[in-house]
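The structure appears below as structure tokens.
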Amino acid sequence: VDFKKNTERPKAINLSLEDLSSHYDAFLLDAYGVFWGSSELGVLPGAADAMAYLVAQGKHVGILSNSTQPTTKEEEKLKNHGLCKGIHYHFILTSGEVAKSLLLQGALPFPTPRDTYWLFGSIHPRFGSHHQLFEGTKYREVENLDDADFVYISIPHIDGVDQEDPEVFRDK
């Protein structure tokens with residue numbers, strides 16, 4: 001299936017959004033760094049207008065996010081920052097949504113004879129609990145690492161402050 005509207009590809013030099021959009025019917029955007037700066041920065045300058053332009057032109061606009069949150073939570077976050085489904089994009093696919101689907105199906109690509117996991121870290125006060133990811137699945141959290149089939153590592157933080165230096169977790 002050829003998803004391109006025209007067979008001739010546009011040249012990348014001095015290409016405007018209008019030029020690019022005239023050649024394609026669908027755009028799949030990674031969130032972070034493409035239109036989203038961070039929780040502190042929010043939507044990057046000009047991104048909302050560009051996304052709304054594409055949707056208004058009848059283009060399909062999707063978002064990929066590495067967030068472990070369910071899609072509904074990401075939609076809510078974006079709406080709070082002025083990006084609305086149907087106006088700026090059509091769908092969001094988060095890694096959390098994909099992981100939840102695999103967990104619900106019991107389809108992890110490694111053996112889990114006890115269906116247990118151990119949480120490395122703790123619940124992040126700003127981003128919610130890992131429990132929503134495992135809720136309704138056969139997997140249960142255990143307190144003892146030796147009783148776990150796998151380790152779930154969530155957002156690396158200490159008391160809600162995100163950490164980038166792995167050394168701060170060495171004792172854990």
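The values are calculated or read from the model by the stated rules, or taken from the named source; none is laboratory data. Since this is a predicted model, take the numbers as computed values, not measurements. With ideal geometry, Cβ positions are generated from the backbone for all residues, glycine too; neighbour counts draw on all protein chains shown. The protein model used for the area step is the full one, side chains on, heavy atoms only, and it has no ligands, DNA or RNA in it. Shrake-Rupley method; radii C 1.70, N 1.55, O 1.52, S 1.80 Å.
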request  = Name every residue in segment 140-153 that is surrounded by 16 or more Cβ atoms within 10 Å (Cβ to Cβ) and under 22 Å from the mean Cα position of the chain (by Cα), in order of residue number.
outcome  = Tyr152
inquiry  = Can you find, within segment 88-124, the residue that is farthest from Asp147 (Cα to Cα) among those that are of a type in the set (Ser, Thr, Tyr) and surrounded by 16 or more Cβ atoms within 10 Å (Cβ to Cβ)?
reply    = Tyr89
ask   = Which members of segment 83-119 meet the condition of being over 18 Å from the mean Cα position of the chain (by Cα) and farther than 21 Å from Leu133 by Cβ?
value = Gly86, Ile87
key: Pairs, first part of a loop (DSSP other than H, G, I, E, B) in segment 43-61, second surrounded by 17 or more Cβ atoms within 10 Å (Cβ to Cβ), C-beta under 7 Å, six or more apart   = Leu44/Phe35; Leu44/Trp36; Gln57/Ser21; Lys59/Ser21; Lys59/Phe27
ask   = From the list Leu28, Leu64, Leu41, which one is in contact with an Asp or Glu (Cβ under 7 Å, 6 or more places away or on another chain) and open to solvent by 60 Å² or more (accessible area, probe 1.4 Å)?
value = Leu64
